Amino acid sequence: MDKNVDNLTGYPQITQAADLLLNNEVVAFPTETVYGLGANALNDQAVAKIFEAKGRPADNPLIIHIADEAVVSDFVEEIPEKAKQLMKAYWPGPLTIILKMKEGVLSEKATVGLSTVGIRMPDHPVALALLQKTNLPIAAPSANSSGRPSPTTAEHVWDDLQGKISGIVDGGPTGVGLESTVLDCTE
């Protein structure tokens, strides 16, 4: 697959997955760490499908994935200087930054009623193309049943979640196999 994100947004897999996400369905997609299970982070019903598919406890917040650092301010009250420095140094990449959230923007199911939100910009051309194509923030934990190992291939996702999700974008094996690092920038 072409590494140029702009060239990927027109691929049929990306278009089909984006359509599913825009219709509040759940789709698995690769990131540089593991496969994520994504849904529209603005819609409670879409996010609820993640919890149902994974069997995830309802009090476990989800990370919000974005394609452009510029949209962070749409979802958070402020971006402290240290967070800006981290974004500049490590995004796109496997870093989730926790910030104080703006009320009433993101799905309460995604943030489980907390006043903070974890945001990251993945460094994978397929993930970025999908995020750009939807123009949505995507809530996405790892694409596995709770308690099972995080998936690093589309086949792992299929074996675990077939029949529970609407689609899988096969972007090949992920490079890391561990979830992103999480840093709290609220204090």
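Data for the structure
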item: Dipole moment magnitude, nearest 20 debye, the chain about Cα centre, only Lys, Arg, Asp, Glu C-beta charged; result: 140
item: Unit charges at the beta carbon, dipole of the stretch 24-165: most positive-side option, HIS124, ASN135, ASN60; result: ASN60
item: Solvent-accessible area per residue for the stretch 6-130 (1.4 angstrom probe, square angstrom); result: 43
item: The stretch 107-134-the stretch 158-177 distance, computed between alpha-carbon centres (Å); result: 17
item: Volume in Å³ per residue [convex hull over Cα atoms, computed for the stretch 8-107]; result: 118
item: Two-decimal ratio, the chain, of alpha-carbon radius of gyration to 2.2 N^0.38 Å; result: 0.93
item: Carbon and sulfur %, accessible surface of the stretch 66-181 computed with the full protein complex present, 1.4 Å; result: 48
item: Sequence-distant lysines (8 or more away, or on other chains) whose Cα lies within less than 26 Å of LYS88; result: LYS3, LYS100, LYS102, LYS133
item: The stretch 140-187: proportion of alpha-carbon pairs further apart than 16 angstrom, %; result: 44
item: Within the chain, percent of DSSP bridges classed antiparallel, to nearest 5; result: 65
item: Dipole moment magnitude, nearest 20 debye, the stretch 13-82 about Cα centre, only Lys, Arg, Asp, Glu C-beta charged; result: 400
item: 222 nm mean residue ellipticity, helices alone, for the chain (DSSP H n ≥ 4; -39,500 (n - 2.57); rounded to 500); result: -9000 deg cm²/dmol
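The values are calculated or read from the model by the stated rules, or taken from the named source; none is laboratory data. As the structure is a computational prediction, the values presented were derived from the model and not from experiment. Counting neighbours? That spans all protein chains shown, and the Cβs are built from the backbone with ideal geometry, glycine included. Quick note on the areas: whole protein, heavy atoms, side chains included, nothing else; ligands and nucleic acids left out. Shrake-Rupley method; radii C 1.70, N 1.55, O 1.52, S 1.80 Å.
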